[in-house]
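Chemist: Quick one: structure below, then a few questions.
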Amino acid sequence: MQLLESGEMYLETIQILTEKNTNVRSIDIAEYMDFSKASVSRAIKNLKEARYIKVSDEGLITLTKTGKAVATKIYERHKVLTEFLISLGVSEENASNDACKIEHDISDESFTAIKKHMKKM
């Protein structure tokens, strides 16, 4: 199953929330993303069926190995691209918002080049 941008955003959110709090539930995701509980419920169902996440009987959500790999990749892109845009003089808020848009579409080659450039700075 090909993961869409929205799926990547959910996985990234689960990763962020897991780093802040070890227990992640659907309600936490809904609050963080400012989405309806119904929208989150549908996304969680799809991500679970695609084996990107596991949901315990208590409703705790964890990333599978595959889900963690995707989430880590997207979150790293977000952080590096935000930092890169800030270094160009973009405000932190706009840099973060723009990074969120770019992180899903940028090629591995371009991202690697930006990352190398940032390490030199």
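Chemist: Of the residues 54, 73, 115, only one is in contact with a strand residue (DSSP E or B) (Cβ under 6 Å, 6 or more places away or on another chain) and among the basic types (Lys, Arg); which?
Modeler: Numbers: 73 fails: in contact with a strand residue (DSSP E or B) (Cβ under 6 Å, 6 or more places away or on another chain); 115 fails: in contact with a strand residue (DSSP E or B) (Cβ under 6 Å, 6 or more places away or on another chain).
Checking each option against the conditions leaves just 54.
Chemist: Sticking with this one: I'd like to check something: does segment 91-114 contain any residue that is within 15 Å of residue 11 (Cβ to Cβ), within 16 Å of the chain's Cα centre (by Cα) and hydrophobic (A, V, I, L, M, F, W, C)?
Modeler: Filtering segment 91-114 for residues within 15 Å of residue 11 (Cβ to Cβ) gives 100, 103-104.
When the remaining residues are screened for being within 16 Å of the chain's Cα centre (by Cα), the result is 100, 103-104.
Restricting the remaining residues to those that are hydrophobic (A, V, I, L, M, F, W, C) gives 100.
There is at least one residue in segment 91-114 that is within 15 Å of residue 11 (Cβ to Cβ), within 16 Å of the chain's Cα centre (by Cα) and hydrophobic (A, V, I, L, M, F, W, C).
Chemist: Moving to a separate point now. If we scan segment 77-90, do we find a residue that is in contact with a helix residue (DSSP H, G or I) (Cβ under 6 Å, 6 or more places away or on another chain), in contact (Cβ under 8 Å) with a residue 60 or more places away in the chain and crowded, with 17+ Cβ neighbours inside 10 Å?
Modeler: For segment 77-90, residues in contact with a helix residue (DSSP H, G or I) (Cβ under 6 Å, 6 or more places away or on another chain), in contact (Cβ under 8 Å) with a residue 60 or more places away in the chain and crowded, with 17+ Cβ neighbours inside 10 Å: present.
Chemist: Turning to a different aspect of this structure: Return yes when residue 62 is of a type in the set (S, T, N, Q), surrounded by 12 or more Cβ atoms within 10 Å (Cβ to Cβ) and without any contact (Cβ under 8 Å) to a residue 24 or more places away in the chain and no when it is not. First the steps, then the outcome.
Modeler: Details: of a type in the set (S, T, N, Q): yes; surrounded by 12 or more Cβ atoms within 10 Å (Cβ to Cβ): yes; without any contact (Cβ under 8 Å) to a residue 24 or more places away in the chain: no.
It is false that residue 62 is of a type in the set (S, T, N, Q), surrounded by 12 or more Cβ atoms within 10 Å (Cβ to Cβ) and without any contact (Cβ under 8 Å) to a residue 24 or more places away in the chain.
Chemist: Right, next: Among residues belonging to segment 17-36 that are within 16 Å of residue 71 (Cβ to Cβ) and outside any helix (DSSP H, G or I), point out the one that is modelled with the highest pLDDT.
Modeler: From segment 17-36, those within 16 Å of residue 71 (Cβ to Cβ) are 17-22, 24, 28-29, 32-33; that's our starting set.
Those still in the list that are outside any helix (DSSP H, G or I) too: 21-22, 24.
Details: 21: 80, 22: 74, 24: 96.
The selected residue is 24.
Chemist: Could you tell me whether any residue of segment 28-49 is free of Cβ contacts under 8 Å to residues at least 12 places away in the same chain and of a type in the set (Val, Ile, Thr)?
Modeler: no
Chemist: Follow-up question, since we're still on this one. From the residues in segment 31-59 that are among the acidic types (Asp, Glu) and closer than 17 Å to residue 21 by Cβ, which one is surrounded by the fewest Cβ atoms within 10 Å (Cβ to Cβ)? Break it down stepwise before answering.
Modeler: Taking segment 31-59 first, the residues among the acidic types (Asp, Glu) are 31, 34, 49, 57-58.
Then keep just the ones that are closer than 17 Å to residue 21 by Cβ; that gives 31, 58.
Working: 31: 13, 58: 7.
Among those that are among the acidic types (Asp, Glu) and closer than 17 Å to residue 21 by Cβ, it is 58.
The values are calculated or read from the model by the stated rules, or taken from the named source; none is laboratory data. Every value quoted in this text rests on a predicted model; they were computed, and no experiment measured them. Quick reminder, even Gly has a Cβ in these numbers, built from the backbone with ideal geometry, and neighbours come from all protein chains shown.
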